[in-house]
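Structure first, then comments.
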Amino acid sequence: MFWPRGGWGRAARYVQHRLHRLPDPPEKIARGIFAGVFTTFTPFYGLHFVIAGTLAWILRGNIVASLLGTFFGNPLTYVPIAIASLRTGYWLLGIDRHEPHHKTLLQNFSDAGSDLWNNLVALVTGNPTDWTELMVFYDKVFYPYMIGGILPGIITALVAYYLSVPVIRAYQNRRRGVLKAKLAALKKKKKQAENGAPPE
């Protein structure tokens with residue numbers, strides 16, 4: 001599992017710093033954040049950067065912001081995201097998650113992984129392949145996750161969008177004010193030097 005150097009707290013501060021310094025308008029940056037946050041609710045692990053960047057491009061959002069937005073998915077949020085997505089998917093698809101034959105999520109992952117490994121070995125040994133557990137994983141986990149992640153993904157991404165716009169705008173205005181103050185001070189100092197007056 002990916003673990004940032006310096007811990008997740010430092011990574012979160014870095015992401016915040018990078019978002020604040022992006023030069024685009026707040027709305028464009030927020031559209032990128034929307035794309036990144038929404039992508040974390042999809043089961044396409046390993047492709048989140050590609051999906052987020054593509055979605056940001058479609059929405060005319062900031063692509064860098066979309067990549068940073070995918071950090072919404074981290075070890076603290078993966079489990080709640082998976083639970084929300086799966087339960088929503090089961091509800092939308094009419095799947096009874098309390099059926100006695102239902103395996104746990106961990107069991108489904110484990111059995112699918114074993115199936116994949118055994119079938120890869122079968123390519124070399126000539127043993128018969130069996131995709132049963134992978135098919136079960138698709139039907140009971142992957143497909144419900146993919147369908148169920150859409151609704152909570154959109155809701156969470158919209159919240160992130162509307163929270164981001166005023167925060168980014170306030171930071172950009174403050175930063176712009178600081179830069180103007182520094183520029184005014186430099187101009188004043190230069191004018192004093194030209195007039196032969198001692199600098200303050």
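The values are calculated or read from the model by the stated rules, or taken from the named source; none is laboratory data. Quick caveat, the model's predicted, so the values are computed rather than measured. When we count neighbours, we look across all protein chains shown, and the Cβ atoms used for this are built from the backbone with ideal geometry, even at glycine.
Restricting region 121-160 to residues that are acidic (Asp, Glu) and part of a helix (DSSP H, G or I) leaves a set whose member that is farthest from residue 111 (Cα to Cα) is 139. Considering (1) over 24 Å from residue 32 (Cβ atoms); (2) at pLDDT below 90; (3) outside any loop (DSSP other than H, G, I, E, B), the lone condition that residue 100 does not fulfil carries the number (3). Between 140, 189, the distinction of being of a type outside the set (Gly, Ala, Ser), surrounded by 10 or more Cβ atoms within 10 Å (Cβ to Cβ) and at pLDDT below 80 belongs to 189 only.
Being farther than 25 Å from residue 56 by Cβ and either of a type in the set (Gly, Ala, Ser) or at pLDDT 90 or above (or both) holds for only one residue in 177, 149, 89, and it is 177. Return a yes/no flag: does region 45-67 have any residue that is among the hydroxyl-bearing types (Ser, Thr, Tyr), assigned to a helix (DSSP H, G or I) and modelled with pLDDT under 95. Yes - at least one qualifying residue is present in region 45-67. Do we have any residue at all in region 79-100 that's free of Cβ contacts under 8 Å to residues at least 40 places away in the same chain and surrounded by 14 or more Cβ atoms within 10 Å (Cβ to Cβ)? No, because not a single residue in region 79-100 is free of Cβ contacts under 8 Å to residues at least 40 places away in the same chain and surrounded by 14 or more Cβ atoms within 10 Å (Cβ to Cβ).
Looking across region 117-161, the residues that are closer than 30 Å to residue 66 by Cβ and free of Cβ contacts under 8 Å to residues at least 40 places away in the same chain come down to 137, 138, 155, 159. For region 156-174, give me each residue that is farther than 16 Å from residue 79 by Cα, surrounded by 15 or more Cβ atoms within 10 Å (Cβ to Cβ) and modelled with pLDDT of 95 or more. Answer for region 156-174, where residues must be farther than 16 Å from residue 79 by Cα, surrounded by 15 or more Cβ atoms within 10 Å (Cβ to Cβ) and modelled with pLDDT of 95 or more: 157, 160, 161.
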